[in-house]
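The next block holds one structure in the form of structure tokens; read it before the comments.
The values are calculated or read from the model by the stated rules, or taken from the named source; none is laboratory data. Not measured: the values here are computed from a predicted model. Cβ placement follows ideal geometry from the backbone for every residue including glycine, while neighbour counts extend to all protein chains displayed.
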Amino acid sequence: MTTSEFLMYAGIIGSILIFGVVAVLALAWSVRDGQFQNFERGARSIFDADEPIGTPTDSFPGRPL
């Protein structure tokens, strides 16, 4: 194995390890912060009086609601 191959593999493996650690830290933060406590409230937070729940207000161009 040449030096350039070793550096390439070390970079790839290092990147995978760093990404994995960051993903685990993000998951731990979200659990600690309570992001998984109430999915229903988060799902309904995008709706308001202009777009009530269960009433489609968007359509694809050329297709009726």
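Of note:
- Candidate set from region 36-65 (those that are among the hydrophobic types (A, V, I, L, M, F, W, C) and not in a loop (DSSP other than H, G, I, E, B)); member that is modelled with the highest pLDDT: 39
- Condition check for residue 31 on (1) assigned to a helix (DSSP H, G or I); (2) surrounded by fewer than 10 Cβ atoms within 10 Å (Cβ to Cβ): one failure, at (2).
- Residue within region 48-60 that is surrounded by 10 or more Cβ atoms within 10 Å (Cβ to Cβ) and within 24 Å of the chain's Cα centre (by Cα) present: no
- Residue pairs whose Cβ atoms lie under 9 Å apart, separated by 6 or more positions or on different chains, with the first residue in region 23-44 and under 30 Å from residue 55 (Cα atoms) and the second at pLDDT below 85 and small (Gly, Ala, Ser), are 35/42.
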